[in-house]
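*Asks:* Here it is, the structure, as structure tokens.
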Amino acid sequence: MIRVAELRQREVINVIDGRRLGIIKDIDLDLEEGRVKALIVPGSGGKFLFFFGRDEDLIIPWENVIKIGVDVILVESYSSTSPVHRDRA
């Protein structure tokens, strides 16, 4: 068994292109079914000095999680648009 606090300390890596997606910011839970729906990673958004550009979160569906290791979480994302982008509110 793994705790949510332990998940948030691991870096998310895309196994398709080896890209580092970042550290988990949040976890989307389905409380009725008692399961994890998605991992939420802060997006880079292409901002310049934090003033210009969009700041988006990457939502990685739980079905895309391949392996949870000691230091990293491996996910499968076939393109940069594969993780769902969500605007930060």
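*Asks:* Which ³J(HN,Hα) values, rounded to whole Hz and listed in residue order, are derived for the stretch 5-19 from phi using the Karplus coefficients 6.51, -1.76 and 1.60 in 6.51 cos²θ - 1.76 cosθ + 1.60 with θ = phi - 60°, glycine and proline given as x?
*Replies:* Karplus values, whole Hz, x for Gly and Pro: 4, 6, 4, 5, 8, 9, 7, 9, 10, 7, 6, 6, 10, x, 6.
*Asks:* Skipping prolines and chain starts, which residues have an amide H placed within reach, meaning under 5 Å, of the one on ALA38, given they are 5 or more residues away or on another chain?
*Replies:* HN-HN under 5 Å from ALA38: ASP28, TRP62.
*Asks:* What does the charge count around LYS67 come to, taking other residues whose C-beta lies under 14 Å from its C-beta (Lys +1, Arg +1, Asp -1, Glu -1)?
*Replies:* -3
*Asks:* Separate question: Enter the accessible area of GLU76 (Å², nearest 10), with the probe set to 1.4 Å and all protein chains included.
*Replies:* 60 Å²
*Asks:* Report, by chain and number, residues whose modeled amide H sits under 5 Å from the one on ILE73, excluding near sequence neighbours (fewer than 5 apart, same chain).
*Replies:* Those lying under 5 Å, H to H, from ILE73 are GLU11, VAL12, ILE13.
The values are calculated or read from the model by the stated rules, or taken from the named source; none is laboratory data. Nothing here was measured: the structure is a model prediction, and the numbers come from that model. All Cβ positions, even for glycine, are placed from backbone atoms using ideal geometry, and neighbour counts span all protein chains on display. Side chains are part of the model used for accessible areas, which takes the heavy atoms of the whole protein and leaves out ligands, DNA and RNA. Shrake-Rupley method; radii C 1.70, N 1.55, O 1.52, S 1.80 Å.
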